[in-house]
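Structure first, then comments.
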Amino acid sequence: MVNYARLLQTFLDLIRLKADSGHEEPVVQYILPRLLQMGLIVRRGAEGRAENIVAVLPPTPGRDRCIALSAHMDTVSLPTPVIPIIKDGVISSSGNTILGADDRAGIAAILEALETLIEKGLPHHCIEIIFTVRKEIGLEGSKQLGHNDIQASMAFILDDEADPGHIVVQAPSHAKILWNITGKAAHAGDEPEEGINAIMASAEGLKRMKTGRIDHETTANIGIIHGGVATSVVCDAVVIEAEARSICEKKLEDTVKTMVEAMEKGAASLGAKVQTRIQKSYRGFTLKEMSPSVQWASSAIRRIGLIPVLISSGGGSDANILNEKGIEAVNLGIGAKKAHTSEEYILKRDLYTLGDIVYAIMNGA
Ligand SMILES: [Zn+2]
């Protein structure tokens, strides 16, 4: 068992730090001295421009494996600092802000588990800690990690909203689609027949498109639409941003292709032109029950008296990026509920369980 009082204090310290994506420095300044004091070898932004923290706790004699644990240091946009309140075992934000348990609960659990492990002087393998930046704006920090930055063969990411004890073994691939639809401007009252309305052309494309849940593995969404300058002008330019996700790479490709064709056909029916850009954001992953990282996490969860639950996620995390880089990674439930909203909360009990799970992972054979 970890020290719950110290874990809670670390968590509360961390969520009071205002550090959204790209402004992680307050969290870095909090974490670094703690890691150094514990005797970890700390590297920052080892490769690339991202200021991730990679820290290593060398193994005790006779242990020759290397595992990594990771959490992200940023939160989604945070205009004012968080004021936490604890009531009936629930930690939430008292103001109109997120709580930031996503992902400060993960960071706090890692720091606490390390401290307990070192205090108790127990044997352990090499432990690498990866604290990433700019996760919430497209997994940017983990994408910057170089191959030489990480020695571990498996990684445990602490960043899923499920309850502690849940292991994300499957997550989708993700692609973004950007469309520029170009029509022709004209005076809406004097000569509307001279114009080609890009908004109407976009609508023709969109109505030919299937979005939402495409099948049990695939989703699609139109997220942003911009266009028009005045009601008196036939709109000549629209920009649309959309996305698709699928557990299956082939289905993702097919879905994107179908969406692009729908937009091209629809816009062409009114004489508008379409320019399409497709960005692959990250690749999906699927791990089996017998995969080493799943076995390792499951065994840790069982040792603290819980039953591991393997789940599939609809979202991306740093686990997607590490798997893509060849490091087998699972994402673990941290229990931060309603993340990215002002209703975000975490149960004190779940925070403690998370600390115990992380400790059991570090302490695994
Ligand atoms: Zn997160």
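Could you list the square roots of 5 times each eigenvalue of the Cα gyration tensor of region 173-279, that is, the equivalent ellipsoid semi-axes, sorted largest first and rounded to whole Å? Could you put the intermediate results ahead of the total?
Working: eigenvalues 177, 25, 20 Å².
So the equivalent ellipsoid measures 30, 11, 10 Å along its semi-axes.
Just the Cα atoms of region 221-354, one point each, no solvent: what log10 I(q)/I(0) does Debye give at q = 0.18 Å⁻¹?
Each listed q corresponds, in turn, to -1.12.
Taking R0 as 30 Å, what's the FRET efficiency between ILE83 and ILE137 from their Cβ-Cβ distance, rounded to 0.05?
Numbers: r = 25 Å, r/R0 = 0.82.
The calculated FRET efficiency here is 0.75.
Where does the charge balance sit around ALA108 when Lys and Arg score +1, Asp and Glu -1, over other residues with C-beta under 11 Å from its C-beta? Write out the running numbers ahead of the final one.
Values: positive: ARG6, ARG34, ARG104; negative: ASP13, ASP103, GLU112, GLU115.
Charge balance in the 11 Å sphere: -1.
Could you check the simple spin-label distance between LYS176 and THR341, using points 7 Å along Cα→Cβ, in nm with one decimal?
About 2.4 nm, to one decimal.
In Å², what does the accessible area per residue of the chain work out to with a 1.4 Å probe?
Details: 16020 Å² over 365 residues.
Heavy-atom accessible area per residue stands at 44 Å².
Just check region 71-149 against the gyration tensor rule for me: Cα atoms, a ≥ b ≥ c as the square roots of the eigenvalues, rounded for a/c under 1.5, and otherwise prolate or oblate depending on whether a/b exceeds b/c. All intermediate terms of the calculation are to be shown ahead of the outcome.
Working: a/c = 4.10, a/b = 1.25, b/c = 3.28.
Verdict is oblate for region 71-149.
Less than 16 Å from a label point 7 Å out along the Cα-to-Cβ axis of ASN221: which backbone N atoms in region 50-81 qualify, by residue?
Answer for region 50-81: 76-77.
For helix 292-303, report the angle its Cα long axis makes with the longest principal axis of the Cα atoms of the chain; keep it between 0 and 90° and round to the nearest 10°.
60
Report, to one decimal in Å, the Kirkwood hydrodynamic radius for the chain based on all distinct Cα pairs. Let's see the in-between values first.
Details: mean 1/r = 0.0453 Å⁻¹.
Final number for the Kirkwood radius of the chain is 22.1 Å.
For the chain, what is the calculated [θ] at 222 nm in deg cm²/dmol (nearest 500), taking -39500 (n - 2.57) for each run of four or more DSSP H residues and dividing by its residue count? If you can, show how the numbers build up before the last one.
Values: 9 runs with 114 residues, N = 365.
For the chain, the value works out to -10000 deg cm²/dmol.
With N set to the number of residues, divide the alpha-carbon radius of gyration of region 68-117 by 2.2 N^0.38 Å and report two decimals. All intermediate terms of the calculation are to be shown ahead of the outcome.
On the way: Rg = 12.6 Å, N = 50, 2.2 N^0.38 = 9.7 Å.
Relative to the 2.2 N^0.38 Å estimate, region 68-117 comes out at 1.29.
Given a Förster distance of 56 Å, report the FRET efficiency between THR211 and GLN37 from their Cβ-Cβ distance, rounded to the nearest 0.05. The partial results should precede the final answer.
Working: r = 51 Å, r/R0 = 0.91.
The value I calculate is 0.65.
Output the 0 to 90 degree angle, nearest 10, between the alpha-carbon long axis of helix 249-269 and the longest principal axis computed from the alpha carbons of the chain.
20
Counting DSSP beta bridges in the chain, what percent are antiparallel, to the nearest 5?
Numbers: 54 of 76 bridges.
If we restrict to bridges inside the chain, about 70 percent are antiparallel.
So for TYR30, TYR282, what's the accessible-area order with a 1.4 Å probe, most first?
Working: TYR30 50, TYR282 25 Å².
Listed by decreasing accessible area, they come as TYR30, TYR282.
State, to one decimal in nm, how far the label point of ARG16 lies from the label point of LYS348, with both points 7 Å from Cα in the Cβ direction.
Once both label points are built, they end up 1.7 nm from each other.
Helix 25-37 versus the longest principal axis of the chain: what is the Cα-based angle in degrees, 0 to 90, to the nearest 10?
That helix lies at roughly 20 degrees to the long axis.
Taking 25 °C and 0.890 mPa s as the conditions, I'd like the Stokes-Einstein D for region 4-123 in µm²/s, using the Kirkwood hydrodynamic radius from alpha carbon pairs. Intermediate values should be presented prior to the final figure.
Values: Rh = 15.5 Å.
It comes out at roughly 158 µm²/s.
In the structure displayed, which of LYS87/LYS337; LYS207/LYS273; LYS207/LYS338; LYS176/LYS250; LYS251/LYS337 lie more than 27 Å apart, Cα to Cα?
Values: LYS87/LYS337 16 Å; LYS207/LYS273 17 Å; LYS207/LYS338 32 Å; LYS176/LYS250 15 Å; LYS251/LYS337 30 Å.
Correct reply: LYS207/LYS338; LYS251/LYS337.
The values are calculated or read from the model by the stated rules, or taken from the named source; none is laboratory data. Model, not experiment: these values are computed from the prediction. Glycine gets a Cβ as well: all are built from the backbone with ideal geometry, and neighbour counts include every protein chain shown. Side chains are part of the model used for accessible areas, which takes the heavy atoms of the whole protein and leaves out ligands, DNA and RNA. Shrake-Rupley method; radii C 1.70, N 1.55, O 1.52, S 1.80 Å.
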